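> Quick one: this structure, given as structure tokens, is what I'll be asking you about.
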């Protein structure tokens with residue numbers, strides 16, 4: 001290869017342009033030989049070894065890098081004029097002690113062990129700092145934000161502090177000018193992340209909007225595997241109805257049988273719930289049940305069984321139980337005897353008194369008294385219901401007391417009516433009639449009807465319903 005060695009190449013005319021090579025030629029500089037440009041270096045595109053543009057210009061638009069390239073600043077290098085791509089760069093190591101913030105940085109502040117003070121950097125227009133409560137403890141141990149000496153926060157007094165006392169609070173500060181100093185431009189309050197509601201099994205499970213409903217028509221277990229992260233949601237709604245009593249059997253001519261009382265009716269509408277509860281809703285004043293992750297045995301009371309002659313009195317229903325709540329079985333109807341006491345009282349025979357309701361007593365009352373029988377003519381009294389006492393009309397057997405309606409299962413249903421007295425009395429909802437003694441309806445806690453020449457009616461079995469927010 002030939003060599004040309006010169007100290008200087010100058011243009012042959014005054015046009016100031018020196019051309020090296022012709023179109024299509026490749027001009028190379030030996031590796032290791034520096035290229036020095038004492039004036040301007042002008043090019044529409046500066047290419048990399050792979051042919052991609054490092055810098056290219058189209059009109060007044062200058063592009064750094066080609067598609068797919070990553071542009072990095074060398075270690076220790078700084079940039080200006082490009083602006084920020086977001087608010088701040090977050091320091092993900094939580095701050096647990098007093099510290100001084102730096103412009104352009106966000107901090108997670110952990111005050112679990114004690115209060116923390118953050119001192120702001122000296123303000124300059126556009127400077128930015130963010131903070132966020134690390135684990136929802138600003139309400140117990142505060143974060144204090146203090147400006148640099150002589151500066152302000154939100155236009156307050158010079159050197160005035162800002163104390164953050166809200167759980168989960170987050171703030172972004174931008175320095176504006178000496179009049180307002182650091183201005184809070186973004187603010188958030190805590191929203192529970194990964195919230196969990198009650199998870200449970202047992203009974204027949206249905207849904208109503210955001211609520212799950214567990215219905216037990218027989219014994220079972222309400223098994224809670226997870227509770228809600230919202231404490232109020234763990235106080236569940238419930239309805240517990242015991243079995244109704246059975247109606248009396250006529251023991252001899254003229255001993256007309258009384259209707260039985262309904263099973264005790266107890267209800268509590270939880271603070272997070274929204275359905276229409278019965279008049280016996282125990283919130284406030286009743287027994288609240290706040291569940292934990294454990295198993296709750298459920299007892300559903302059977303209705304009282306019938307008796308054959310010569311027995312005068314039926315049998316009480318059985319109790320229903322959920323946790324600390326027990327509803328008492330309904331009182332049996334009487335024939336040649338008084339009616340029995342129970343959740344609601346049984347009606348008495350024609351010469352006899354009725355049983356008492358709400359026995360044992362709870363608040364709100366779980367039921368009402370039955371009615372006594374009458375002697376002119378001989379008639380059995382009506383059994384008490386959850387909504388009212390039994391009655392003794394003058395010409396027929398007594399009417400069973402009313403039940404009460406609740407929408408705990410998603411739609412209104414009336415339950416726990418008293419049984420009818422013999423002959424011809426009317427039963428309350430779920431209670432048995434008296435021509436002859438009819439049985440109470442299953443899973444309503446209705447009292448059985450009083451008997452005449454036939455035996456009295458069996459009581460209706462009870463029911464337990466548990467309801468809670470699940471989403």
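Please treat every number below as a calculation from the coordinates, not as lab data. In this text, all values refer to a predicted model and were calculated from it rather than measured experimentally. So basically every Cβ, Gly included, is an ideal-geometry build from the backbone, and we count neighbours across all protein chains shown.
> Taking R0 as 25 Å, what's the FRET efficiency between residue 210 and residue 292 from their Cβ-Cβ distance, rounded to 0.05?
It comes to 0.70.
> Once you have all Cα-Cα distances for the chain, histogram them in 10 Å bins from zero and send the whole-percent values.
Going from the shortest bin to the longest, the percentages are 5, 16, 14, 10, 9, 9, 9, 8, 7, 5, 4, 3, 2, 1, 0.
> Restricting everything to alpha-carbon atoms, can you work out Rg to Rh for region 151-232 with a Kirkwood hydrodynamic radius?
In region 151-232, Rg relative to Rh is 1.39.
> Using the 10 angstrom Cβ neighbour count as an exposure proxy, how do 313, 4 rank, fewest first? Spell out each step's value before the answer.
Numbers: 313 31, 4 5.
Sorted ascending by nearby Cβ count, the order is 4, 313.
> Considering region 222-374, what Rg and Dmax in Å follow from its alpha-carbon atoms?
Calculated on Cα positions, Rg and Dmax stand at 18.1, 65 Å.
> Right, here's the next one. Cα centroid distance between region 197-232 and region 347-373, in Å?
Cα centroid of region 197-232 versus Cα centroid of region 347-373: 34 Å apart.
> Ranking 134, 211 by Cβ neighbours within 10 Å, fewest first, what do you get? Write down the numbers at each step before the final one.
Numbers: 134 19, 211 22.
Fewest-to-most ranking of 134, 211: 134, 211.
> Now, a different point. Under a crude label model (7 Å from the Cα following the beta-carbon direction), how far is residue 395 from residue 136 in nanometres?
6.7 nm
> Each label point is 7 Å from the Cα along the Cα-to-Cβ direction; what then is the distance between the points at residue 159 and residue 177, in nm?
2.5 nm
> Between rounded, prolate and oblate, where does region 195-471 land on the alpha carbon gyration tensor, with a ≥ b ≥ c its root eigenvalues, rounded for a/c under 1.5, else prolate if a/b exceeds b/c?
prolate
> Given R₀ = 51 Å, FRET efficiency for residue 125-residue 18 by Cβ-Cβ distance, to 0.05? Can you show the working numbers first?
Details: r = 48 Å, r/R0 = 0.95.
Plugging the Cβ-Cβ distance into 1/(1 + (r/R0)^6) gives 0.60.
> Evaluate 2.2 N^0.38 Å with N set to the residue count of region 98-163, then give the Cα radius of gyration divided by it.
Rounded to two decimals, the normalised Rg is 1.10.
> When averaged across all projection directions, what area in nm² does the alpha-carbon convex hull of region 234-301 cover?
6.7 nm²
> Two decimals is fine: what is log10 I(q)/I(0) at q = 0.12, 0.18, 0.22 Å⁻¹ for region 333-411, from a Debye sum with one equal scatterer on every Cα and no solvent?
After summing over all Cα pairs, the log10 values are -0.32, -0.61, -0.80.
> Something else now. Report the label-to-label distance for residue 69 and residue 54 in nanometres (one decimal), using points 7 Å from each Cα along the Cα→Cβ vector.
0.9 nm
> Rounded, prolate or oblate: which one fits region 337-471, using the alpha carbon gyration tensor with axes a ≥ b ≥ c (rounded when a/c is under 1.5, else prolate when a/b beats b/c, else oblate)? Kindly include the intermediate steps, with their values, before the conclusion.
Values: a/c = 2.52, a/b = 1.85, b/c = 1.36.
Prolate, since a/c reaches 1.5 and a/b exceeds b/c.
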